[in-house]
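Visitor: This structure is in structure tokens; I'll ask about it shortly.
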Amino acid sequence: MRIGAAPLAAVRGLALALLALPVSLALFIFSVVFFAVTFPIGFLLFPVVIAGVRSYAGARRRLAYTWFGVEIKEPYKPRPRFRRGLRGVFQRYRWAVADPATWRDVLWLFVDATVGAVLGLVAFAVPMYGPYGWVLAAGVWKPIFESGGGDWYTFIHVVDQNSADNAALLGVVYTLIGLWLAPRLLRASSLLTRGLLAPTRERELELRVAHLTESRSDALDTQAAELRRIERDLHDGAQARLVAMGMSLGAIEHLMDRDPEKARRLLAEARESSSKALTELRDLVRGIHPPVLAERGLGDAVRALAMASPLNTEVSVELPGRLEAPVESAAYFAVSEVLTNAAKHSGARRVWIDIRYEDDRLRLVITDDGHGGADASGGTGLLGIERRLGTFDGVLALSSPVGGPTMVTMELPCVLTAPGH
Amino acid sequence: MRVVLAEDLFLLRDGLIRLLEAYGFEIAAAVDNGPELTRALLTIKPDVAVVDVRLPPSFTDEGLQAALHARREVPGLPVLVLSQHVEQLYARELLADGSGGVGYLLKDRVFDADQFVDAVRRVAGGGTAMDPQVISQLLARNARNEPLGGLTPREREVLELMAEGRSNTAIAQRLVITERAVAKHTSNIFGKLNLPPSDDDNRRVLAVLAFLDRS
């Protein structure tokens, strides 16, 4: 891996340079030209070019991450819903021009086509200069020398086998230096890209505020809906049963002397009612905050879930302590929902649940051996989970190729409160 | 029979004391928190303990933990655990040492005083008393498994009652059949489930519970 990484970086440098030179340069020129000509062609085409620039920049962000491990976030303002006709054209134009990120992108195109491309070329050329020296030493120096001249390999004038050997030796030095240099140059190039393509501090905060506003309103909606559900359950369930019990007791009081037999029957009914009310309350409590969760924490609560699941479920938990109560609850209900989904839709027989705490994050991975093909937007409740986790800055990733397996991964940043027992 | 009682809600504690005393039990200690329960169990070593799962000061499963701890110190110490909800996980932990003398019931079961007291006596005598909900959850989980599918409906009924910890006599009364019929059903069940037959009621129940919990 370490040995393979350096030559790979050199090749990637060449690829980047070949990509950056024509594409970045062309897009840069288009951007500038269509902005300059404005009316009427620029009005129509500038936003199109900018859309192209953004998808190209997006691809380069992903490349920077997969190739060099440099993560770059998107800085753009959310795209509005455009109207039709002439007003739509103006709207698009404004959307493209008014976003400062557009101009940072254009600046980046220029820098990438120049500095970026040069860095990439150097990363490729320096290590490759070594093999050229070896080729000379292998005999190629002779035809060059004979056709008049002789080649300069840096400071060595190659005129005979001896000087060609020296060139080959120097070539080794070049290759070593180049291989050492290539990954560093490309990392520098990626950092340059990040400097221009990543959101500025101000924009990052703006995006964060937008995200918080949205997730807060989601959280409030969910909470309100939950309270309504609890109210309805109590009203139609336990409360109604208590009323019925009170009425039965009143009737019993009345009947006690006159018809003891009937009173006894009513008493049995009242007891039945009270036990049903308790069952309903118990189910309600389980839905609000499961008792095992309160008593034992996430690990055992999920184990209890697994025991109740009709699927063959394996649970492994590595938590060094208790989590904050709201996170614990969100994680529990997320696992519960995913398990229910698996039992209902996936056709799975086995499920594996893995829960661990690493780098200040709670990580939950749920895998089943079902037929896959689950779709987060298909109303499977995953959207709801995602929103719920969003309140805690948590994320959900779904991988479910047709034919299975389905894997749901959830991550929640959180802190541990108390050590578990 | 000396009882240690642990329940943090005053009304329930009071009700349980009166109920048990009415049936001739002697309340050796009635406590309302975990640490005191542990102390009472280890010093008094009662004939049976009736314990609420959730107790102060932490309001987690302190009652259960105290009971499990005491049973490790005093093997076979009879404990009947009461709770607002039943969890298979807790049932498994209580049964884990395989020595009997445990019970795990919903608090609602106290409503039927005769049945409840019967359960307390059973546990005190080294038997078991598992809540019907625990058993039905266990059976539901095993429903798809091979040997259980082979039982007749009647045998399933018998199995359920047996798993709750009831004796042949009690099962016969409940199902309105003769004790001999019950004995025949039980031997059929043990044959179908491949369990070694046993005349000892308690050992029989533990074998069945272990079987159900295995899968």
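Visitor: State the number of lysine pairs found in the protein assembly as shown whose Cα atoms come within less than 28 Å, restricting to pairs 8 or more positions apart or on distinct chains. Intermediate results must be reported in sequence, preceding the final value.
Guide: Working: A:K262/A:K276; A:K262/B:K107; A:K276/A:K344; A:K276/B:K107; B:K45/B:K107; B:K184/B:K192.
Final tally of qualifying lysine pairs is 6.
Visitor: Give me Rg over Rh for the range B:130-215, both radii from the alpha carbons and Rh done the Kirkwood way, two decimal places.
Guide: On the way: Rg = 11.7 Å, Rh = 12.7 Å.
Checking Rg against Rh, the ratio lands at 0.92.
Visitor: How tilted is helix A:100-111 with respect to the longest principal axis of chain A? Cα atoms for both, answer in degrees (0 to 90, nearest 10).
Guide: 30
Visitor: Pick from A:A244, A:A51, A:A101: which is most flexible by mean-square fluctuation in a GNM of chain A where alpha carbon atoms under 10 Å apart are linked?
Guide: Ranking A:A244, A:A51, A:A101 by mean-square fluctuation puts A:A244 first.
Visitor: Give me the Debye-computed log₁₀ of I(q)/I(0) at q = 0.06, 0.08, 0.09, 0.11 Å⁻¹ for the protein assembly as shown, equal point scatterers on Cα only, no solvent, two decimals.
Guide: Computed log10 I(q)/I(0) values: -0.57, -0.81, -0.91, -1.17.
Visitor: Counting other Cβ atoms within 10 Å, keep those with at most 15, restrict to DSSP loop, and tell me which trypsin sites (Lys or Arg not before Pro) in the range A:83-141 are left.
Guide: Qualifying residues, ordered by number: A:R83, A:R84.
Visitor: Taking every alpha carbon pair in the range A:62-156, what does the distance histogram look like in 5 angstrom bins from 0, in percent?
Guide: Spelled out bin by bin, the range A:62-156 gives 2, 9, 10, 13, 11, 9, 9, 8, 7, 5, 5, 5, 5, 3, 0 percent.
Visitor: Also, I was wondering about something else. For the range A:341-421, state the average projected area of the convex hull of the C-alpha atoms over all orientations, rounded to one decimal in nm². Don't jump to the answer; show the numbers that get you there.
Guide: Numbers: hull surface 24.5 nm².
Mean shadow area of the hull around the Cα atoms is 6.1 nm².
Visitor: What do you get for trypsin sites (Lys or Arg not before Pro) in the range A:42-81 restricted to DSSP loop and a cutoff of at most 10 other Cβ within 10 Å of the site's Cβ? Provide the component values of the computation, followed by the final result.
Guide: Details: sites: A:R54, A:R60, A:R61, A:R62, A:K73, A:R81; in loops: A:K73, A:R81.
Within the range A:42-81, the qualifying trypsin sites (Lys or Arg not before Pro) (loop, at most 10 other Cβ atoms within 10 Å) are A:R81.
Visitor: May I ask for the Kirkwood hydrodynamic radius of the range A:262-356, worked out over all distinct Cα pairs and given in angstroms to one decimal? Let's see the in-between values first.
Guide: On the way: mean 1/r = 0.0654 Å⁻¹.
One decimal place: 15.3 Å for the Kirkwood radius.
Visitor: If a paramagnetic tag sat 7 Å from the Cα of A:A36 along the Cα-Cβ line, which residues of the range A:73-116 would have the backbone N under 17 Å from that point?
Guide: A:106-107, A:109-111
Visitor: Can you compute the helix-only [θ] at 222 nm over the protein assembly as shown? Use -39500 (n - 2.57) per DSSP H run of at least 4 residues, normalise by all residues, nearest 500 deg cm²/dmol. Don't skip to the answer; put the middle values down first.
Guide: Details: 26 runs with 392 residues, N = 636.
Dividing the helical sum by the residues of the protein assembly as shown leaves -20000 deg cm²/dmol.
Visitor: Just to check, using Stokes-Einstein with a Kirkwood Rh over alpha carbon pairs, what's the diffusion coefficient of the range A:122-255 at 4 °C and 1.567 mPa s in µm²/s? List each step's numbers first, then the result.
Guide: Numbers: Rh = 22.6 Å.
The Stokes-Einstein estimate is 57 µm²/s.
Visitor: In addition: One-quarter of the Cα convex hull surface for the range A:1-75, in nm²?
Guide: Working: hull surface 22.3 nm².
Its Cα hull, projected and averaged over all orientations, spans 5.6 nm².
Visitor: Tally Lys/Arg at +1 and Asp/Glu at -1 over every other residue whose Cβ is under 13 Å from the Cβ of A:K344; what's the total? It would help to have the intermediate numbers written out before the result.
Guide: Numbers: positive: none; negative: A:E337, A:D368.
Once positives and negatives cancel, what remains is -2.
Visitor: Continuing with the same structure: What shape does the range B:36-106 take by its C-alpha gyration tensor, where a ≥ b ≥ c are the square roots of the eigenvalues and a/c under 1.5 counts as rounded, a/b above b/c as prolate, and the rest as oblate?
Guide: Values: a/c = 1.70, a/b = 1.10, b/c = 1.55.
The shape class here is oblate.
Visitor: Another question, then. Quote the Stokes-Einstein diffusion coefficient, in whole µm² s⁻¹, for the range B:172-211, based on the Kirkwood radius over alpha carbon pairs, a temperature of 20 °C and a viscosity of 1.002 mPa s.
Guide: Numbers: Rh = 10.7 Å.
Result for D is 201 µm²/s.
Visitor: On alpha carbon coordinates alone, what is the Rg over Rh value for the range A:206-288, Rh being the Kirkwood radius? Display every interim value, and only then the final one.
Guide: Working: Rg = 21.5 Å, Rh = 15.6 Å.
Dividing the radius of gyration by the Kirkwood radius yields 1.37.
Visitor: Provide the descending list of Cα extents for the range A:375-415 along its principal axes, expressed in whole angstroms.
Guide: Between the extreme Cα coordinates on each principal axis of the range A:375-415 lie 37, 19, 8 Å.
Visitor: Ignoring the sites themselves, what is the longest stretch of chain A with no chymotrypsin sites (Phe, Trp or Tyr not before Pro) in a DSSP loop and at most 15 other beta-carbon atoms within 10 Å?
Guide: On the way: sites that count: A:F82, A:F155.
With a cap of 15 other Cβ atoms within 10 Å, the longest stretch comes to A:156-421.
Visitor: For the pair B:D97 and A:A15, how long in nm is the line joining their label points, each one 7 Å along Cα→Cβ?
Guide: Each label point is offset 7 Å from its Cα along the Cβ direction, giving 6.4 nm.
Visitor: Continuing with this model, one more query. When N counts the residues of the range A:2-197, how does its alpha-carbon radius of gyration compare numerically with 2.2 N^0.38 Å, as a ratio? Could you put the intermediate results ahead of the total?
Guide: Numbers: Rg = 22.8 Å, N = 196, 2.2 N^0.38 = 16.3 Å.
Normalised by 2.2 N^0.38 Å, the Cα Rg of the range A:2-197 equals 1.40.
Visitor: Could you work out the mean projected area of the convex hull around the alpha carbons of the range B:64-215, in square nanometres to one decimal? Don't jump to the answer; show the numbers that get you there.
Guide: Numbers: hull surface 34.0 nm².
Its Cα hull, projected and averaged over all orientations, spans 8.5 nm².
Visitor: If you wrap a convex hull around the Cα atoms of the range B:2-130, how much volume per residue is inside, in Å³?
Guide: Working: hull volume 11.0 nm³, N = 129.
Considering the Cα atoms of the range B:2-130, their hull volume per residue is 86 Å³.
Every number in this text was worked out from the coordinates using simple rules, so none of it is lab data. Nothing here was measured: the structure is a model prediction, and the numbers come from that model. For neighbour counting, all protein chains shown are included, and Cβ atoms are generated from backbone atoms with ideal geometry for every residue, glycine included.
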